[in-house]
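Asks: I am attaching a structure below and will ask some questions about it afterwards.
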Amino acid sequence: MKYFIVTFGCQMNVHDSEKIAGILEQKGYERASSKEEADIIVFNTCAIREGAEDRVFGNVGALKKMKKERPDLIIAVCGCMTQKEQTALEMKKKFPFVDIIIGTFNVVKLGEYIDKLKESRKKQVEVFEEGDIDELLPYKRTSGENAWVNIIQGCNNFCTYCIVPYVRGREKSREKEAILSEIKELVKSGKYKQITLLGQNVNSYGKDLKNPCSFAQLLSEICKIEGDFKVWFMTSHPKDLSDEVIDVIAKEDKILKDIHLPAQSGNNRILAKMNRKYTREDYLKIIKKIKRKIPSVRLTSDFIVGFPTETEEEFLDTYSLIEEVRFDSIFAFIYSKREGTVASKMDGQIDEETKRIRVNKLLDLEKKIQKEDNKK
Ligand code: SAH
Ligand code: SF4
Ligand code: F3S
């Protein structure tokens with residue numbers, strides 16, 4: 001029996017898919033090289049923007065014919081999109097041929113659902129419940145010389161545009177010992193040259209633990225592990241990036257001098273409306289500090305254009321922030337209204353044409369900066 005997993009979204013989801021693969025292999029499934037070859041197809045979905053959800057609906061819908069021809073094929077949809085009850089129900093209604101629809105928290109029980117399904121051939125929909133981090137699950141790693149390691153799940157920040165806190169729950173750090181022993185094993189295996197620590201906000205690592213441990217402390221301890229490997233992490237929230245963390249990055253040879261620090265906007269009124277809890281000036285101060293302490297640093301960032309009520313002048317503040325920092329690379333996103341978030345209820349939603357013009361301006365600026373820097 002064979003499985004095929006289709007993954008959408010961020011690195012966390014890519015890593016979750018490695019967990020799903022691990023669960024399926026434990027159940028005796030082998031990786032298939034195509035959907036046609038598979039006995040079970042799993043869609044691990046993303047809800048961050050409407051476009052991501054549309055792609056999932058399109059991909060799942062396209063399987064209708066295959067399922068008709070092969071009724072024994074199991075189709076499962078899981079992840080951030082189906083963690084939202086409304087979307088899970090919509091999926092169920094639209095695609096009655098999907099066998100299993102589950103959210104992010106109960107994906108660890110995928111194996112049980114498959115067993116139940118085989119017994120009863122009844123659709124399984126279960127979305128809710130927020131569980132603990134399961135340390136015992138096997139991973140089937142797929143990222144070559146890079147190994148993803150989760151250090152903190154969920155998010156407490158509630159940026160007003162963002163769906164993540166609703167679909168991934170509150171921040172939950174893994175025990176430091178569990179992380180260290182996982183990394184030791186990975187390094188010992190000799191298969192991995194890079195360890196990438198994952199979290200929606202790695203900088204708030206450890207605050208919720210019984211024995212609190214800061215992210216800076218965790219990084220230092222990871223660097224003490226013997227072996228030839230590099231450490232990277234994502235993502236950092238500017239409000240939580242401490243001086244200690246910058247110092248550890250500067251000091252430790254094992255840590256890549258590569259920081260992804262999403263700014264989202266360069267305008268203070270918009271940043272406040274986004275609930276980002278820092279100002280343009282705070283952000284630039286952190287960047288200055290980073291550049292001073294780590295001169296070789298590679299800086300990247302995320303931006304959103306067309307947040308509700310954003311004026312042209314406010315957008316130009318984002319433009320000028322990028323000009324000022326001269327990031328090595330940026331991700332520029334068109335604001336996408338996410339049902340259930342605070343921003344979705346705000347007046348002054350921006351029209352699509354304006355948003356497209358703004359995002360293109362940022363992308364052109366990025367190209368221009370990269371060209372100039374390459375010349376240098
Ligand atoms: N936890 C990370 C990133 C989360 S999602 C952080 O806090 O930076 C990755 C990026 O998607 C975000 O940085 C943001 O730029 C973008 N994003 C999130 N919600 C969005 C929305 N509703 N519309 C457009 N872009 C969004
Ligand atoms: Fe979303 Fe903000 Fe949390 Fe990042 S920090 S996941 S943007 S709510
Ligand atoms: Fe998408 Fe969920 Fe990641 S919404 S960006 S897959 S945390």
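The values are calculated or read from the model by the stated rules, or taken from the named source; none is laboratory data. All values derive from a computational prediction rather than experimental measurement. Note that each Cβ is placed from the backbone with ideal geometry, even for glycine, and that neighbours are counted across all protein chains shown. These area figures cover heavy atoms from the full protein model, side chains too; ligands, DNA and RNA do not enter into them. Shrake-Rupley method; radii C 1.70, N 1.55, O 1.52, S 1.80 Å.
Asks: Which numbered condition in (1) modelled with pLDDT of 95 or more; (2) assigned to a helix (DSSP H, G or I) is the only one that D373 fails?
Replies: Going through the list (1) modelled with pLDDT of 95 or more; (2) assigned to a helix (DSSP H, G or I), D373 breaks only (1).
Asks: Counting just the residues of segment 40-78 that are part of a loop (DSSP other than H, G, I, E, B) and open to solvent by 10 Å² or more (accessible area, probe 1.4 Å), which one comes out nearest to T7 (Cα to Cα)?
Replies: C46
Asks: Helices (runs of 4 or more DSSP H) wholly in segment 197-274 with at least 1 residues that are more than 15 Å from ligand 1 (Cβ to nearest atom) and within 28 Å of Y161 (Cβ to Cβ) - which ones?
Replies: It comes to 243-251, 268-273.
Asks: Output yes when any residue across segment 151-160 is under 22 Å from the mean Cα position of the chain (by Cα), open to solvent by less than 70 Å² (accessible area, probe 1.4 Å) and hydroxyl-bearing (S, T, Y), and no when none is.
Replies: yes
Asks: Separate question: Could you list, in sequence order, the residues of segment 81-99 that are in a loop (DSSP other than H, G, I, E, B) and either within 16 Å of ligand 3 (Cβ to nearest atom) or open to solvent by 10 Å² or more (accessible area, probe 1.4 Å) (or both)?
Replies: Listed by number, the residues that qualify are M81, T82, Q83, K84, F95, P96, F97, D99.
Asks: Would a scan of segment 177-190 turn up a residue that is among the small types (G, A, S) and surrounded by 19 or more Cβ atoms within 10 Å (Cβ to Cβ)?
Replies: No: zero hits.
Asks: Could you tell me which of the residues L321, L365, L299 is in a helix (DSSP H, G or I), under 27 Å from A52 (Cα atoms) and touching a Phe, Trp or Tyr at 6+ places or on another chain (Cβ under 8 Å)?
Replies: L365
Asks: Starting from segment 102-125, keep only residues that are free of Cβ contacts under 8 Å to residues at least 12 places away in the same chain, then list their pairs with residues that are among the polar types (S, T, N, Q) whose Cβ atoms are within a distance under 7 Å, requiring at least 6 positions of separation or different chains.
Replies: Cβ pairs passing all conditions: K116/Q124.
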